Amino acid sequence: MHKITYHYSALPKQTWFYAGILYLVLSSIVSVQVEMYRVPGFYESQNLLLALIANGLGMIFFFLLSFGHYVCYAEYDDEKIVYHNRLLRKTRTFFYKDATAVIFDKRGVKFYDDNKKLANKEKPLFFLSFFRDGKIEAIPINQFYQKMQQREAAINEPDKFKVYKTFKVLPGYGRNWKYLSFAYACLTLLVLMNCMRPLAVILGLMQAFS
């Protein structure tokens, strides 16, 4: 079977996740130093265990988000498409013979058994999203589109199977998505700038108590 996977939506988004992890690591080091050096005014009111647990959970959260695009994928052959969710351990299979139309729109791929339902934008029989904590890989989804076109040509009866596409550039890859990358780049820079504060505290405490 052929595989359709997802890719992270923007590299700056990934660096933002890791910058967040770095900030929490530095904050944890500060908490440990305050406990070690018994810093007056801070040591008395600090709960080291609670601080480390909170920061640890935050690091795990950011780490899992950075790999969110690996959770879901799809596989297909000449007869069916199968959607997989690794996290929930669930799969859903759809056979093309049950559909009379498939549309590739800005949200994803939708299969319908009635053109009227497609026109009215009703709930499809099967839906493959272009976005799952990331964006769908361009080459595999284009190959799947070509597969659907081949099926349409082989049947050669519009009433039995018809393929539609409502975009020219695959969603997630257009010029407008560069603005999203820029926004995440700004967030990453902001987090890295905030990392300077705990880093300065770490160096200051080491110098003062060494």
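The values are calculated or read from the model by the stated rules, or taken from the named source; none is laboratory data. Everything numeric in this text was worked out from a predicted model, so none of it was measured. Note: ideal-geometry Cβ built from the backbone for every residue, glycine included; neighbour counts use all protein chains shown. What goes into the accessible areas is simple: the full protein's heavy atoms, side chains included, and nothing from ligands, DNA or RNA. Shrake-Rupley method; radii C 1.70, N 1.55, O 1.52, S 1.80 Å.
Which trypsin sites (Lys or Arg not before Pro) from segment 60-125 combine a DSSP loop assignment with at most 15 other Cβ atoms within 10 Å?
Filter output for segment 60-125: Arg86, Arg89, Lys106, Arg107, Lys121.
Using unit Cβ charges (K, R positive; D, E negative) and no other charged atoms, how large, in debye to the nearest 20, is the dipole of the chain about its Cα centre?
My answer is approximately 500 debye.
Could you work out what % of the accessible surface of segment 6-63 is carbon and sulfur, using a 1.4 angstrom probe and leaving DNA, RNA and ligands out of the count?
Looking at segment 6-63 in its full context, I get 75 percent from C and S.
If each Cα of the chain is one equal point scatterer, what is log10 of I(q)/I(0) from the Debye formula at q = 0.16 Å⁻¹?
Rounded to two decimals, the profile gives -1.04.
Identify the GluC sites (Glu not before Pro) of segment 103-210 meeting these criteria: DSSP loop state and at most 14 other C-beta atoms within 10 Å of the C-beta.
Within segment 103-210, the qualifying GluC sites (Glu not before Pro) (loop, at most 14 other Cβ atoms within 10 Å) are Glu122.
From the backbone phi of segment 153-170, what are the Karplus-calculated ³J(HN,Hα) couplings (6.51 cos²θ - 1.76 cosθ + 1.60, θ = phi - 60°) in whole Hz, Gly and Pro given as x?
Result, rounded to whole Hz: 5, 5, 6, 6, 9, x, 6, 9, 7, 9, 10, 10, 9, 10, 9, 9, 10, 4.
Skip the ligands, DNA and RNA, and give the accessible area per residue of the chain with a 1.4 Å probe, whole Å².
Per residue, the chain has an accessible area of 63 Å².
Mind listing the phi-derived Karplus ³J(HN,Hα) values for segment 63-72, rounded to whole Hz, using 6.51, -1.76 and 1.60 with θ = phi - 60°, and x for any glycine or proline?
Taking θ as phi minus 60°, the curve returns 5, 5, 4, 5, 10, x, 6, 8, 5, 10 Hz for segment 63-72.
How large a share of the accessible area of segment 86-210, in percent, is made up of carbon and sulfur atoms when the probe is 1.4 Å and the other protein chains stay in place?
Roughly 56 percent, rounded to a whole number.
Name the residues whose placed amide hydrogens come within less than 5 Å of the amide hydrogen of Glu137, ignoring near sequence neighbours (fewer than 5 apart) on the same chain.
Thr5, Tyr6, His7
What is the sum of charges, Lys and Arg at +1 and Asp and Glu at -1, for the other residues whose Cβ falls under 14 Å from the Cβ of Ser9?
+2
Using the Karplus equation 6.51 cos²θ - 1.76 cosθ + 1.60 (θ = phi - 60°), what ³J(HN,Hα) coupling, rounded to whole Hz, does each residue of segment 114-129 give in order, writing x for Gly and Pro?
Result, rounded to whole Hz: 7, 5, 5, 5, 5, 5, 8, 6, 7, 5, x, 5, 8, 9, 10, 6.
Taking a 21 Å limit on the Cα-Cα distance, which of the listed pairs Lys116/Lys168; Lys3/Lys123; Lys110/Lys147; Lys116/Lys160; Lys97/Lys117; Lys117/Lys162 fall beyond it?
Check vs 21 Å cut-off fails for Lys116/Lys168; Lys3/Lys123.
Which listed residue (Ser66, Asn176, Leu187) has the Cα farthest towards the positive end of the charge dipole for the chain, taking +1 on Lys and Arg C-beta and -1 on Asp and Glu C-beta about the Cα centre?
Asn176
For segment 1-146, what's the relative contact order in percent, using C-alpha pairs closer than 8 Å and at least 6 residues apart?
Once normalised by length, the contact order is 28 percent.
Out of all DSSP beta bridges with both ends in segment 76-178, state the antiparallel percent to the nearest 5.
Counting only bridges with both partners in segment 76-178, antiparallel ones make up about 80 percent.
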